[in-house]
Amino acid sequence: MSITDKDFEKIPEIVRKPDLAIIGTIRKGELRNVYVKMEPGVTYLYFDKVLNSNRNKALRGSTFYKIVKPLDMENLEKIVKMNGISDLSRAKKIIAAGGHPGDEA
């Protein structure tokens, strides 16, 4: 499924209230996060990376796509690890956060 302009408008909500999230994945030495939001007929996946240098502390979006089927945590982990270079051993996995990841409400 292709991403539309309306889909881009959903990113703040996807990050604010994900249905699933994996926070703190390490890929190529960089800290990354993935957020999932499921709606009828579509599942959004939004990936960002954490920039944490002396000059730049921010989140930078890296990948955004949508699929037709809903996901559970097991299948999300498979997607994140499919490249063989992502380490989830110290990542925080959140299901139905309902609020900011790490501040489940």
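The values are calculated or read from the model by the stated rules, or taken from the named source; none is laboratory data. Being a predicted model, the structure only gives us computed values, none of them experimental. Don't worry about glycine lacking a Cβ; one is built from the backbone with ideal geometry, like all the others, and counts go over all protein chains shown.
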(request) Output the residue which, of all residues in the range 75-105 that are over 14 Å from the mean Cα position of the chain (by Cα) and not small (Gly, Ala, Ser), is modelled with the lowest pLDDT. (result) Glu104
(request) List the number of the failed condition for Leu71; all other conditions in (1) surrounded by 15 or more Cβ atoms within 10 Å (Cβ to Cβ); (2) assigned to a strand (DSSP E or B) hold. (result) (2)
(message) I need the full set of residues from the range 49-70 which are charged (D, E, K, R) and within 18 Å of Ile95 (Cα to Cα), in order please.
(response) Lys69
(message) Please pick out the residue among Ile26, Ile22 that is part of a strand (DSSP E or B), among the aliphatic types (A, V, I, L, M) and farther than 23 Å from Met1 by Cα.
(response) Ile26
(request) Would you mention how many residues in the range 40-62 are part of a strand (DSSP E or B), surrounded by fewer than 17 Cβ atoms within 10 Å (Cβ to Cβ) and modelled with pLDDT under 90? (result) 9
(message) So the check is Cβ under 8 Å with 6+ separation or different chains; which pairs have a first residue in the range 15-39 that's closer than 16 Å to Leu71 by Cα and modelled with pLDDT under 90 and a second one that's surrounded by fewer than 21 Cβ atoms within 10 Å (Cβ to Cβ) and of a type in the set (A, V, I, L, M, F, W, C)?
(response) none
(request) Return the only residue of Tyr35, Tyr65 being among the aromatic types (Phe, Trp, Tyr), surrounded by 11 or more Cβ atoms within 10 Å (Cβ to Cβ), out of contact with any Phe, Trp or Tyr (no Cβ under 7 Å at 6 or more places or on another chain) and in a strand (DSSP E or B). (result) Tyr65
